[in-house]
1. Quote the FRET efficiency, to the nearest 0.05, computed for residue 53 versus residue 74 with a Förster distance R0 of 41 Å and r equal to the Cβ-Cβ distance.
2. Under the 0.36 nm per residue contour assumption, what length would be gained going from the current alpha-carbon distance of residue 27 and residue 197 to full extension?
3. Direction-averaged shadow area of the convex hull around the Cα atoms of segment 25-251, nm²?
4. So how far apart, in nm, are the two label points at residue 87 and residue 209 if each is 7 Å from Cα heading toward Cβ?
5. Report the residues of segment 57-95 in range of a label on residue 119: point 7 Å along Cα→C-beta, backbone N strictly under 15 Å from it.
6. Using label points projected 7 Å from each Cα along Cα→Cβ, tell me how many nm separate residue 36 and residue 222, to one decimal.
7. Given Cα pairs under 8 Å that are at least 6 residues apart, what percent is the relative contact order of segment 25-251?
8. How do 134, 190 rank when sorted from fewest to most other Cβ atoms within 10 Å of their own Cβ?
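Values in this text are rule-based calculations from the coordinates and carry no lab data. This is a predicted model, so every value here is computed, not measured. Cβ coordinates were reconstructed from backbone atoms using ideal geometry, including for glycine residues, and neighbour counts include every protein chain displayed.
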Amino acid sequence: MKYSTGLLTILTLTSTLFATQASAQLVYENNFQQYTPGDAPSGTDVFVKYNGRDGNLVYVVDSSTTPADPFGGVGNKSMYVHYDHTSSKTPAGQFTVTNTGAIAKGTISFDIYIDGDPTGTGLVEVNLGQLGILDAVRASSLTTIQIQTGSNPDNDPGKIRIFQNSASGGSTAYYMDQFAVLDAVNTITLSWDIDTKKVTGTINGESMTIGSTSEFDFTTQLSPDGVSQVRYTSTGVQDVSYFVDNISATAIPEPSHSVLALGALLVLGIGYRRHRRSVR
Ligand SMILES: [Ca+2]
């Protein structure tokens, strides 16, 4: 009965796998602590656009920089992004959260601190999808949200809107009920599911909604496999300044994958058992 130990191991591995497959797995974290203050964030997972061009800025801040890191905590570092509205280019910090193919079902969360602007409206924009390196990626994003830095004729500062069902990524934005708190730390999560083709979000623990709707359609269908990047950028007729920290991404494996893995392990287990019998 020597094979029973091996079988037990395999069954334990199988049940462990089965238990963990059901829950979200952390696939990416970036708290910006590894970077040099004053420099743009860098690395194979990072893509920065237009830092230093026409007054645009993208760099890491801490308590010694101007501006200083607004999140606080001893030695904390975060990413500062400043858009100069006279520039023809919008600065961006983009982060690749997976190297093993787009995430079909998952969540990206981050902290964001947006400077309020009483003089007019700028917009912080967050794109999720398979984004590439173009300047404008909204049209190919799986989901995109914007946050107002000031008042406009339609809404008050901090209003959040989401793009849905756009063939071009252009102007099809819908105002959600929630506001970000300007000049303060906000925690935002955005979750997506390729199977249901829906996006959900939270801000500071509260569900993002439009009336009774809390599930939103994809911006486009041009990121068909899911999300591999998140981009922080901006637009609008006023300068925009904001800070980002604590980006994380989790993936929820597809049920079909865990069933396949379970099947593979069972086959392995049977093979092992037969092997042990034959060598006895
Ligand atoms: Ca940090």
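1. On the way: r = 33 Å, r/R0 = 0.81.
Here the calculated transfer efficiency is 0.80.
2. Working: separation 170, 0.36 × 170 = 61.20 nm, distance 2.12 nm.
Once the chain is fully extended between residue 27 and residue 197, it gains 59.1 nm.
3. Details: hull surface 46.4 nm².
The orientation-averaged projected area of the Cα hull of segment 25-251 comes to 11.6 nm².
4. My value for the distance between the label points is 3.8 nm.
5. Hits in segment 57-95 for residue 119 at 15 Å: 83-87.
6. For the pair residue 36/residue 222, the computed spacing is 3.7 nm.
7. Values: 641 pairs, mean separation 67.8, N = 227.
Value for segment 25-251: 30 percent.
8. On the way: 134 10, 190 25.
In order of increasing Cβ crowding within 10 Å: 134, 190.
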